[in-house]
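Have a look at the structure below before the remarks.
The values are calculated or read from the model by the stated rules, or taken from the named source; none is laboratory data. Computed from a prediction, not measured in an experiment: that's the story for all the values here. Positions of Cβ are backbone-derived with ideal geometry, glycine not excepted, and every protein chain shown enters the neighbour counts. Just so you know, the surface numbers come from the protein's heavy atoms only, side chains and all, with ligands and any DNA or RNA stripped out. Shrake-Rupley method; radii C 1.70, N 1.55, O 1.52, S 1.80 Å.
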Amino acid sequence: MTSVFASPSTYVQGVGVLFQSQKYIKELGTKILLLADSTVYQIVGSKYADYLKQNGFALEQVTFGGEASVDEIKRVDKIGSDFQADAIVGLGGGKTLDSAKAIGDDLKIPVAILPTLASTDAPCSRLSVLYNDDGSFLKYRFYDKNPNLVLVDTKVVAGAPARLLASGIGDALATNVEAQAVAKHDGNTMLAAKQTAVGNAIAAKCEETLFKYGLEAMTSAKNHVASKALDKIVEANTLMSGVGFESGGLAAAHAIHNGLTSLKGPVHQLTHGEKVAFGTLTQLFLEGADKNRFEKFLKLDLELGLPTTLKDLKLEDVTDQELLQVGKLATSENDTMKEMPFTVEAQDVVEAMRGADAYSRDYQAKLNK
């Protein structure tokens, strides 16, 4: 099979670039459909809408409904079509951005992705994760090309809650773990193709950067400082992880995240990256990773405040039957568990989740003695 590498046409990152973006947006269109949720409009979106208008753009502002669902995408499709938008700008977090990509694809117009957080690796990819209206995982939706523009203002990201940066690191920590599993399997990436050496190398560089700068960047985020370390982690969370997961492939960690969406209750108070972080520990357990490698990830997760136990996931009293439900969805045909270098059954997922949970509890108990 063919090897494929994919990336956005243009990636821009730096302090203050949001309000220097008109030259990049103008290359895409002048009748802009702006999609952001109500919180983002309050923080920066309304000011950004004024900036676009002042720079000669015709603008249709749409408030995102909160779920990257088929119904929500169709709703905004109609608004964009009636407005005759010639480009869409998604401003905000992962689900807003995934929806913007889908709307751009439906309307056949260029897509600009402007993350206000570095909380997921969604911005750069040519796919969206779609959910049912109740928040459970539906499917991946794939496109013919990546966004035309991804632009990240590190000053805006530095102003966001530090928990969301940690969440992005949790998401990005899965990138190389999954890419190496796909490589071992000679499996397919999210581009329905084989890995390139470049895609694999970016995934490895992503992991290296996270361990090198993650804690320093978190200190900056807690103090809302756009430091050099924060800049490095924003690039790792957004560009390296985005390109790395797409051209490197996904395996167990994200499949387990998707499996968790089948559960009801407070687990849904956790972010995407927080659930992926536990999925990564579970994948390492499935693989039988050696003690040093497992503890390297566990230690960083603990220092970042990411979930490492079922209690942290608000699943302290979860039953094996409920975990089996997670395992069944995670190992379903339309998910990425099949890219692991060995067969994983639903019951294997249960045992690995229990195993990762027990190891973390034991590790922390020893630390606290």
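Check which residues have an amide H placed less than 5 Å from THR30's amide H, if you skip close sequence neighbours.
Close amide H contacts, sequence-distant or interchain: ASP86.
Spin-label point model (7 Å from Cα, Cβ direction): what's the ASN55 to LYS369 distance in nm?
The answer from the label model is 5.9 nm.
If you stretched the chain out fully between ASP71 and LYS291, how much longer would it get, using 0.36 nm times the residue separation minus the C-alpha to C-alpha distance?
74.6 nm
As an exercise, find the ratio Rg/Rh for the chain from alpha-carbon atoms, using the Kirkwood inverse-distance average for Rh.
Result for the chain is an Rg/Rh of 0.96.
Kindly rank 97-106, 31-40, 129-138 from highest to lowest mean number of other beta carbons found within 10 Å of each residue.
By packing density, highest mean first, the sequence is 97-106, 31-40, 129-138.
If r is the Cβ-Cβ distance from GLU345 to GLU216 and R0 is 30 Å, what FRET efficiency results, to the nearest 0.05?
Efficiency at R0 = 30 Å is approximately 0.15.
Could you check the simple spin-label distance between GLN84 and SER332, using points 7 Å along Cα→Cβ, in nm with one decimal?
4.1
Please list the non-local residues whose amide H lies under 5 Å from the amide H of THR261, H modeled 1.01 Å from N, same-chain partners needing a gap of 5 or more.
Amide H to amide H, under 5 Å and 5 or more residues apart or across chains, THR261 pairs with PHE137.
About its Cα centre, how strong a charge dipole does the range 47-130 have in debye, to the nearest 20, once Lys and Arg get +1 and Asp and Glu get -1 at the Cβ?
Charge dipole, the range 47-130, about its Cα centre: 140 debye, nearest 20.
Accessible area per residue, 1.4 Å probe, Å², for the range 254-369: what's the number?
Accessible surface, normalised per residue, equals 46 Å².
Under a plain spin-label model, where a point goes 7 Å from the Cα along Cα-to-Cβ, how far apart in nm are ALA201 and VAL225?
Modelled inter-label distance: 3.4 nm.
Using modelled backbone amide H atoms (1.01 Å from N, in-plane), which distant-in-sequence or interchain residues come within less than 5 Å of SER3's amide H?
So SER3 has HN proximity to LYS194.
Considering only protein heavy atoms and a 1.4 Å probe, what is the carbon-and-sulfur percentage of the accessible area of the chain?
49
In degrees, nearest 10, range 0 to 90: what is the angle between the Cα axis of helix 70-83 and the longest Cα principal axis of the chain?
The helix 70-83 is inclined about 10 degrees to the chain.
Could you tell me how far the Cα centroid of the range 232-308 sits from the Cα centroid of the range 312-344, in Å?
Computed from Cα coordinates, the inter-centre distance equals 14 Å.
Rounded to the nearest 0.05, what FRET efficiency do ASP362 and ASP144 have when you use their Cβ-Cβ distance and R0 = 45 Å?
Calculated value: 0.40.
Between the range 162-192 and the range 18-91, how far is it from one alpha carbon centroid to the other, in angstrom?
If we compute the Cα centre of each part, the gap is 29 Å.
Helix-only estimate, please: 222 nm mean residue ellipticity of the chain, summing -39500 (n - 2.57) across DSSP H runs of length 4 or more and dividing by its residues, to the nearest 500.
-16000 deg cm²/dmol
If you take the square roots of the eigenvalues of the alpha-carbon gyration tensor of the range 1-143 and sort them as a ≥ b ≥ c, do you get rounded (a/c under 1.5), prolate (a/b over b/c) or oblate?
Rounded, since a/c falls under 1.5.
Quick one: which of LYS212/LYS296; LYS145/LYS194; LYS26/LYS74; LYS155/LYS222; LYS275/LYS296; LYS31/LYS145 span more than 24 angstrom between C-alpha atoms?
Violating the 24 Å Cα-Cα cut-off are LYS26/LYS74.
Report the per residue volume, in Å³, of the convex hull enclosing the C-alpha atoms of the range 119-243.
Convex hull of Cα atoms, per residue: 118 Å³.
Using 10 Å bins from zero, what percent of all Cα-Cα pairs in the range 7-48 falls into each bin?
Binned Cα distances yield the sequence 22, 52, 26, 0.
Checking the a/c ratio against 1.5 first, then a/b against b/c, what shape does the Cα gyration tensor give for the range 306-369?
Prolate shape, in that a/c is at least 1.5 and a/b is the bigger ratio.
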